[in-house]
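Trainee: Pasting in a structure now, in structure tokens, and then I'll have a few things to ask.
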Amino acid sequence: MRRHALVGVLALAGGLLVAPVPAQAQGPVAEPAGTALTDSREVLSPTPYQGWNTYYGLGGEFSEESVKQVADALVDRGFAEAGYDIVWLDGGWQDPEPRTAAGDLQADRTRFPNGLGPLVDYIHGLGLRAGIYTDAGPYIPGKCGLGSHGYYQRDADQFAAWEFDAVKVDYLCGIAADLDPKTVFTEFAAALRDNASKRPIIFNLCNPVTSPDWGNYPEEQQSTYSWSYAPAIAQSWRTYTDVGFVGEVKYKDVLRNYDANARHPEVAGPGHFNDPDYLGPELGMTDEEFRTQMTLWTVAAAPLVIASDVRKISQTSVEILTDPEVLAINQDPAGVQAVRVGPAGTTETWVKRLADGDRAVVLLNRGDSPKTLTTTAKALGLTGNRFTVENAWTNQVTESAGTISAAVPAHGAALFRVGTHRGLPGVPHVTAGLPQVTEVGGVATPDGSAPVAAGGDQARVEVAVRNDGLLPVLVPQVTLAAPAGWTVRPQGRAAVPVLGGGQSRTFGFTLTLPAGAAPGAASLTATTSYQVPGHGRLRQATVGTLTVAPAPPDGEVVLSHHDWISATSGWMSPTVDASVGGGSPISVVGQVYPTGIGVASPSTVRYYLGGRCTRLSVLVGLDDAVRNVGPEGATVTFQVVGDGQVRYDSGVLTRDDPRQVDVDLSGVRVLDLVVGDAGDGGYNDRADWAGLTATC
């Protein structure tokens, strides 16, 4: 089933193109010049390391007791058995006076009254490893909490004497001191390798603050440049800025970090891995969005470090993090990082070559509505006409004639292991689509937009079913279930006799909402069944979502005081009647506005108007808070979008260029207020919808 094959990667200016390599060209992936793996020393972390880190879940005030509790939870909840064995202390472990008079590092004497040695012993006693944090720069109060510059060998010896197994080296004070990252990280790596205890210690190189999101830095100082030297000196290196803030990891930032991490897959391999930052279950993402992060980090051959408080996360999150088939793909001994097949877009295909010749395949849906996504075995670099398709998340195994499809929810990702199939015919690979709302009130739902309906509306729902197997399936049928009180009526024929290999069929339904339908997300469940000779009648259940809108506004309305359907912000959350973050009133070019919405780019705030409003009045501009962060950065775009059609577009605005806007809203059911980053990242983009008023 699993023969060795190779996928060639061609780096293009616009993205990554993957093409199959002819059989005679097969061979090992070349290592980057100067890699540490060319010597005879033991390879540290031949597969991506796994663990937990204090930063996002506990912040900087963790203690000996809380770390011990987390270590216990790693064992008790099955994480350690699944490979998450590093308990990593991030910034905050150090004392307010980080060094003794003699120059030795010291832990906070209140929170770690026994020092770090006994804590490391406790961690080791559980069969786990211990990690610690420092900075490559000199300690500069107010810039960072700790710095090792000038003490590299002393600190490396201290970490080894405490018997730490891993060190994360940051660069906050490094950039504040205007040091050269390649130089200082190389010096620290040498000190770590030459520690007095001769202890093997994993080196995680971390240079996030110099990412383009946070300002204009010389190329050689940026996180996006670490790939050029880090593989020779470190087991992993951060490839972009932090994936979130303390207590907050968002889906859009997961995608941003994944894309940055994907720029140089050629430098990843056993013992040296690109690092897109930590895993963030229950820190701002839905379960579906977190499953997508886990899927992407898995095929990226990324270190898997949990950011959340594992004492508190749900069993669903535990199961996502510890799924054995998924972890087997991440821990594949070839250490190959996935690359994209074809162009970038709202939907994408990513492929990772595995050591036995199989392919791990991701069908990614970045968009806001469900999609059925498709790729081919040929595009994945596989040859033949029969393929085994194993769903890594459900463990379902089917056979394909060469096409691999999946019904992927909004913000979701399917993960398959695909290899050559031999032997008797298997169960055909049938894709049962998610229920998709295609019309509301006779009007087509804008492509890529989450559907919205209100009490009394009638909607069309479609479920597409396709057979990618060799064998036909018999009498395919679909039923649709909706909340109590809703009416579902099938459209057209309820069944067809046969769905042959390579064929598809769409089943339609009319859905009627009761007048008193409660606002919020409503689930629609499709059950697809079909007969497979020798296997009986098989069933697949798929779930879609329809948003039921709150009541529309009435009269002259301060829209920021009306219930929105949904609202996003580039960082933190949209703030009503205040600048984003809530720390100051809305202020644009010196004028204070008592009402409005503050956001950071990118952002979308969605309202239901129900066709009852005629006019929107608002001043759009950058908040004066951006003036506190130097003259650079802060460019945004504003769009007013009605039912998927742009009603107003500001173009690029700077901090001194607000606009008073009046927009015709006649007939608009769903209003989107959209802020973009003007194509230069979100650095310092704090935007306002000031005096936001609707006439309805």
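The values are calculated or read from the model by the stated rules, or taken from the named source; none is laboratory data. If you're wondering where the values come from, they're calculated on a predicted model, not measured in any experiment. Note: ideal-geometry Cβ built from the backbone for every residue, glycine included; neighbour counts use all protein chains shown. What goes into the accessible areas is simple: the full protein's heavy atoms, side chains included, and nothing from ligands, DNA or RNA. Shrake-Rupley method; radii C 1.70, N 1.55, O 1.52, S 1.80 Å.
Trainee: When you scan the stretch 339-410 for strands (runs of 3 or more DSSP E) that lie fully inside it, which ones turn up with 3 or more residues that are in contact (Cβ under 8 Å) with a residue 60 or more places away in the chain and in contact with a helix residue (DSSP H, G or I) (Cβ under 9 Å, 6 or more places away or on another chain)?
Mentor: Counting at least 3 such residues, we get 359-365.
Trainee: Here are Ala526, Ala517, Ala484: which of them is aliphatic (A, V, I, L, M), in contact with a Leu (Cβ under 7 Å, 6 or more places away or on another chain) and within 30 Å of Asp563 (Cβ to Cβ)?
Mentor: Details: Ala517 fails: in contact with a Leu (Cβ under 7 Å, 6 or more places away or on another chain); Ala484 fails: in contact with a Leu (Cβ under 7 Å, 6 or more places away or on another chain).
Going through Ala526, Ala517, Ala484 in turn, just one is aliphatic (A, V, I, L, M), in contact with a Leu (Cβ under 7 Å, 6 or more places away or on another chain) and within 30 Å of Asp563 (Cβ to Cβ): Ala526.
Trainee: Answer yes or no as to whether Gly501 is surrounded by 15 or more Cβ atoms within 10 Å (Cβ to Cβ) and either in contact with a helix residue (DSSP H, G or I) (Cβ under 9 Å, 6 or more places away or on another chain) or modelled with pLDDT under 95 (or both).
Mentor: On the way: surrounded by 15 or more Cβ atoms within 10 Å (Cβ to Cβ): yes; either in contact with a helix residue (DSSP H, G or I) (Cβ under 9 Å, 6 or more places away or on another chain) or modelled with pLDDT under 95 (or both): yes.
Here the answer is yes, as Gly501 does meet what is asked.
Trainee: To continue, here is another question. Got a sec? Which of Val267, Val246, Val184 is open to solvent by 10 Å² or more (accessible area, probe 1.4 Å) and not hydroxyl-bearing (Ser, Thr, Tyr)?
Mentor: When all the criteria are applied, what remains is Val246.
Trainee: I'd like the full set of residues that are part of a strand (DSSP E or B) and open to solvent by 60 Å² or more (accessible area, probe 1.4 Å), limited to the stretch 104-130.
Mentor: Arg129, the sole residue that qualifies.
Trainee: Just one of Trp237, Trp227, Trp214 is in contact with a strand residue (DSSP E or B) (Cβ under 8 Å, 6 or more places away or on another chain), closer than 23 Å to Tyr55 by Cβ and open to solvent by 50 Å² or more (accessible area, probe 1.4 Å); which is it?
Mentor: Every option except Trp227 fails the conditions.
Trainee: From the list Val75, Val43, Val67, Val87, which one is closer than 24 Å to Ala189 by Cβ, among the β-branched types (Val, Ile, Thr) and either open to solvent by 10 Å² or more (accessible area, probe 1.4 Å) or not in a strand (DSSP E or B) (or both)?
Mentor: After ruling out the rest, the residue left standing is Val43.
Trainee: Please work out if Thr295 is at pLDDT 95 or above, under 18 Å from Ala406 (Cα atoms) and in a helix (DSSP H, G or I).
Mentor: Answer is yes for this residue.
Trainee: Which ones in the stretch 141-162 are open to solvent by less than 50 Å² (accessible area, probe 1.4 Å) and either out of contact with any strand residue (DSSP E or B) (no Cβ under 7 Å at 6 or more places or on another chain) or outside any loop (DSSP other than H, G, I, E, B) (or both)?
Mentor: Tyr152, Asp155, Ala156, Asp157, Gln158, Phe159, Ala160, Trp162
Listed here are the residues, each with its yes/no results for (1) of a type in the set (D, E, K, R); (2) crowded, with 20+ Cβ neighbours inside 10 Å; (3) modelled with pLDDT of 95 or more.
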position	(1), (2), (3)
Phe638	no, yes, yes
Val641	no, yes, yes
Gly644	no, no, no
Arg647	yes, no, yes
Ser666	no, no, yes
Asp685	yes, yes, no
Thr695	no, no, yes
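Trainee: If we only count strands (runs of 3 or more DSSP E) wholly inside the stretch 163-263, which ones have 3 or more residues that are under 21 Å from the mean Cα position of the chain (by Cα)? Give the steps one after another, and end with the answer.
Mentor: Working: elements: 166-170, 202-205, 236-238.
By residue number, 236-238.
Trainee: Moving on. Identify all residues within the stretch 557-611 that are in contact with a Gly (Cβ under 7 Å, 6 or more places away or on another chain), part of a strand (DSSP E or B) and open to solvent by 20 Å² or more (accessible area, probe 1.4 Å); write none if there are none.
Mentor: Thr575, Tyr593
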